[in-house]
1. All but one of (1) on the phi < 0 side of the Ramachandran plot; (2) assigned to a loop (DSSP other than H, G, I, E, B); (3) at pLDDT 80 or above hold for residue 119; which doesn't?
2. Is it true that some residue in segment 82-91 is surrounded by fewer than 16 Cβ atoms within 10 Å (Cβ to Cβ), away from ligand 2 (no atom under 12 Å from the Cβ) and either modelled with pLDDT under 65 or assigned to a strand (DSSP E or B) (or both)?
3. In segment 253-284, which residues are over 18 Å from residue 167 (Cβ atoms), without any contact (Cβ under 8 Å) to a residue 40 or more places away in the chain and in a helix (DSSP H, G or I)?
4. Please state which of the following conditions residue 292 fails to meet, knowing it meets all the rest: (1) buried (at least 16 other Cβ atoms within 10 Å of the Cβ); (2) farther than 16 Å from residue 203 by Cα.
5. Consider only pairs whose beta carbons are under 7 Å apart and that are at least six residues apart or on different chains; among these, list those whose first residue lies in segment 127-143 and is without any contact (Cβ under 8 Å) to a residue 24 or more places away in the chain and whose second residue is surrounded by fewer than 23 Cβ atoms within 10 Å (Cβ to Cβ).
6. Residue by residue through segment 162-187, note down the ones that are more than 19 Å from residue 35 (Cα to Cα) and either buried (at least 21 other Cβ atoms within 10 Å of the Cβ) or touching a residue at least 12 places away in the same chain (Cβ under 8 Å) (or both).
Ligand code: GDP
Ligand code: MG
């Protein structure tokens, strides 16, 4: 049935077009100052970059982030082009009075939805709309080992209403294995207790494989991560890691932390789904609300 032009070949054509165009993927990192947000971003994507401007390739030390800042990169993963926007945010919750300190971040996310909607409504002739909608929000949790801070609960709740939130335990090298495992359980309980529904969401359309994939991800979330901008030598090989007084953490070793899980999750297994969920759930909710408001 090779010559038969059926649905298969149509999907292949669409797929080919999509792959040629590449993916636009936008990630935002959110959390207190000093939790390693900027470092993690550099750790995840530095090895993949083929063209980038900014400090990914430079040896400059991490500077403190003082405003919401988007940096663009192009990376190639398995022959597929990925246009990547990383939005770094200044730490919030650092002040004595933290009331509404999350507003600028929520506003930034909504502004991207709003910009997309405007383009959708006006520039009908544009075949391709530049997409700046945030597909994933990495939320950095302090590695206290005890509980979420009240502000974490509030902010994750607010964020989860507008974006796919993926929590990570920052600097997990400061926790023992037992502390880390208990902390994860505690965090999951608190999320349930506070009715915070996070990505991945199950839908009726999911097939068995997708349901399974979501389950494996739920078993890992929150990812316990370690970031580093430096390489260390282990067994004569240079790897991304951190050296301290009692030893070396190899960031890419799955026995040391879940950095590789997170990277695979973001750049491979859930990339497409994060993009689709953003369009179908978060953007759609925003859009219908705006259009309703217009009618009134
Ligand atoms: P940001 O304010 O959240 O962007 O944090 P930075 O990325 O600027 O990192 C703050 C400091 O924490 C730097 O000195 C980093 O080297 C250090 N750091 C980053 N990630 C880790 C980690 O996973 N473990 C440890 N122990 N330190 C880290
Ligand atoms: Mg920073």
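The values are calculated or read from the model by the stated rules, or taken from the named source; none is laboratory data. Since this is a predicted model, take the numbers as computed values, not measurements. FYI the Cβ positions are ideal-geometry reconstructions off the backbone, even for glycines, and counts take in every protein chain you see.
1. All conditions are met except number (2).
2. At the first step, the residues of segment 82-91 found to be surrounded by fewer than 16 Cβ atoms within 10 Å (Cβ to Cβ) are none.
The answer is no, given that none of the residues of segment 82-91 is surrounded by fewer than 16 Cβ atoms within 10 Å (Cβ to Cβ), away from ligand 2 (no atom under 12 Å from the Cβ) and either modelled with pLDDT under 65 or assigned to a strand (DSSP E or B) (or both).
3. 276, 280, 284
4. It is condition (1) that residue 292 fails.
5. Pairs that qualify, where the first residue is without any contact (Cβ under 8 Å) to a residue 24 or more places away in the chain and the partner is surrounded by fewer than 23 Cβ atoms within 10 Å (Cβ to Cβ), are 129/116; 129/119; 129/120.
6. If the condition is that a residue be more than 19 Å from residue 35 (Cα to Cα) and either buried (at least 21 other Cβ atoms within 10 Å of the Cβ) or touching a residue at least 12 places away in the same chain (Cβ under 8 Å) (or both), then 162, 163, 164, 182, 186 are the ones that fit.
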